[in-house]
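**Student:** So that we are looking at the same thing, I have put the structure below in structure tokens.
The values are calculated or read from the model by the stated rules, or taken from the named source; none is laboratory data. Source: prediction; values computed, not measured. With ideal geometry, Cβ positions are generated from the backbone for all residues, glycine too; neighbour counts draw on all protein chains shown. Please note that ligands, DNA and RNA were not included when accessible areas were found on the heavy atoms of the full protein model with its side chains. Shrake-Rupley method; radii C 1.70, N 1.55, O 1.52, S 1.80 Å.
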Amino acid sequence: MDRSQANTILDCKGLNCPMPVVKTKKAIDSMQSGQILLVEATDKGAKADITAMVKRTGNELLEVEEKDNVFTFFIKKIK
Amino acid sequence: MGEKKKRMAIIASKGTLDMAYPPLILASTAAAMDVEVGIFFTLYGVDIVNKKKNHSLKVAPIANPAMPSPIPFPNILGVLPGMTPMATMMMKSMIKKINWPTIPELLNTCIEAGVRMIACTPTLEMTGVNKDDLVGGVEVAGAGDFLDFALDADISLFV
């Protein structure tokens, strides 16, 4: 996916657990259903953590990519 | 995702800086995962929600052989004056290095996310701490109230 497809971009680089999950959820809560959130994180656990949170909250993880130690998540808000 | 929210009940019984983090990290994460969370603060754990104390929680090096040290250091020397402030300073600098929020900041995150916080009444009575000394939003109750919440919990933890 491309950055331009995101409605909101959240920078969690340099933050550690629990903050990337907490901030990502806060961002999802402030968005409209159907919108796309892009999150960037460097926490090594973020891939597993954010994936779990998105699934548990009934939202959709469209894509995760890893490049130069940065994870980029594309999340679609469902609910 | 179902109709009924999952629930987590935690007892926080420790009042050191290191042990204040686990219950709050789990609570803030669970709340972000749409889990209903309640933390029951008891004994030393009440310090975590005590406004006068929660920004100056300490780490004890004595009897804590896992405490990292820049130089090899016999644990018994932790009794020396100044060792607790030194260990606390080291822990705070490690916390800062990984960009962790402070305990008051993390508490605030939990409260904003709707985590229910309960301070144990006998502990308050015993230590002379008033409800006014507690962070706003903290309720006071005893074991019966916690158990009533925990009996319907999917996860129960004692920290």
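**Student:** If each DSSP helix of 4+ residues adds -39,500 (n - 2.57) and the sum is divided by the residues in chain B, what number results at 222 nm, nearest 500 deg cm²/dmol?
**Tutor:** -10500 deg cm²/dmol
**Student:** Let me ask you something else. 5 Å is the cut-off here: which amide hydrogens, built 1.01 Å from N in the peptide plane, fall below it relative to B:Glu36, excluding neighbours closer than 5 in sequence?
**Tutor:** B:Lys6, B:Arg7, B:Met8
**Student:** What order, most packed first, do the peptides B:79-89, A:53-63, B:111-121 have when packing is the mean number of other Cβ atoms within 10 Å of each residue?
**Tutor:** Result, highest mean Cβ count within 10 Å first: B:111-121, A:53-63, B:79-89.
**Student:** Still on this structure: Could you give the spread of the C-alpha atoms of region B:25-159 along their three principal axes, from largest to smallest, in whole angstroms?
**Tutor:** Rounded to whole Å, the extents work out to 47, 35, 25 Å.
**Student:** Express as a percent, rounded to the nearest 5, the fraction of DSSP beta bridges in the protein assembly as shown (both residues included) that run antiparallel.
**Tutor:** 40 percent
**Student:** If you project the alpha carbons of region A:3-76 onto their three principal axes, what span does each projection cover, largest first, in Å?
**Tutor:** Dimensions of region A:3-76 along the principal axes of its Cα atoms: 29, 25, 16 Å.
**Student:** May I pose another question? Work through the residues other than B:Gly142 whose Cβ is under 13 Å from its Cβ and net out their charges, Lys, Arg +1 and Asp, Glu -1.
**Tutor:** Summing Lys/Arg as +1 and Asp/Glu as -1 gives -4.
**Student:** Same structure, new question: Rounded to the nearest 5, what % of DSSP beta bridges with both residues in region A:3-76 are antiparallel? Intermediate results must be reported in sequence, preceding the final value.
**Tutor:** On the way: 13 of 18 bridges.
Roughly 70 percent of the DSSP beta bridges within region A:3-76 come out antiparallel.
**Student:** Work out the mean other chain Cβ neighbour count within 10 Å for the residues of A:19-29 and drop it here as an integer.
**Tutor:** 4
**Student:** Could you give P(r) for the protein assembly as shown, binned at 10 Å from zero, as whole percent values over all Cα-Cα pairs?
**Tutor:** 7, 28, 30, 23, 10, 2
**Student:** Between chains B and A, what is the buried accessible area summed over both chains (1.4 Å probe, protein heavy atoms, nearest 100 Å²)?
**Tutor:** 1300 Å²
**Student:** Per residue, how much accessible area does chain B show when a 1.4 Å probe rolls over the protein heavy atoms, in square angstrom?
**Tutor:** Here the residues of chain B average 54 Å² of exposed surface.
**Student:** May I ask you to compute the full-extension gain from A:Ser4 to A:Met31, defined as 0.36 nm times their residue separation minus their alpha-carbon distance, rounded to one decimal in nm? Intermediate values should be presented prior to the final figure.
**Tutor:** Details: separation 27, 0.36 × 27 = 9.72 nm, distance 1.65 nm.
The span from A:Ser4 to A:Met31 would gain 8.1 nm if fully extended.
**Student:** How shielded is B:107-113 by partner chains, expressed as the average number of their Cβ atoms within 10 Å of its Cβ atoms?
**Tutor:** Across the residues of B:107-113, the mean count of other-chain Cβ atoms within 10 Å is 2.
**Student:** Report the calculated FRET efficiency for B:Glu125 and B:Asp152 (r = Cβ-Cβ distance, R0 = 30 Å), to the nearest 0.05.
**Tutor:** 0.65
**Student:** Measure off 7 Å from each Cα along the Cα-to-Cβ vector at B:Ile62 and A:Thr42, then give the distance between these two points in nanometres to one decimal.
**Tutor:** A separation of 3.9 nm, rounded to one decimal place.
**Student:** Go ahead and estimate [θ] at 222 nm for chain A from helices alone: -39,500 (n - 2.57) per DSSP H run with n ≥ 4, summed, over the residue count, rounded to 500.
**Tutor:** Result for chain A, helices only: -8500 deg cm²/dmol.
**Student:** Using a simple spin-label model with points 7 Å from Cα along the Cα→Cβ vector, what separation in nm is obtained for A:Arg56 and B:Lys6?
**Tutor:** Placing both labels 7 Å along Cα→Cβ, they lie 0.4 nm apart.
**Student:** Sort B:50-62, B:90-102 by the packing proxy (mean of other Cβ within 10 Å over each peptide's residues), most packed first.
**Tutor:** Taking the mean over residues of other Cβ atoms within 10 Å, the ranking is B:50-62, B:90-102.
**Student:** From Cα pairs below 8 angstrom and at least 6 apart in sequence, can you work out the relative contact order of region B:45-103, rounded to a whole percent?
**Tutor:** Rounded, it is 35 percent for region B:45-103.
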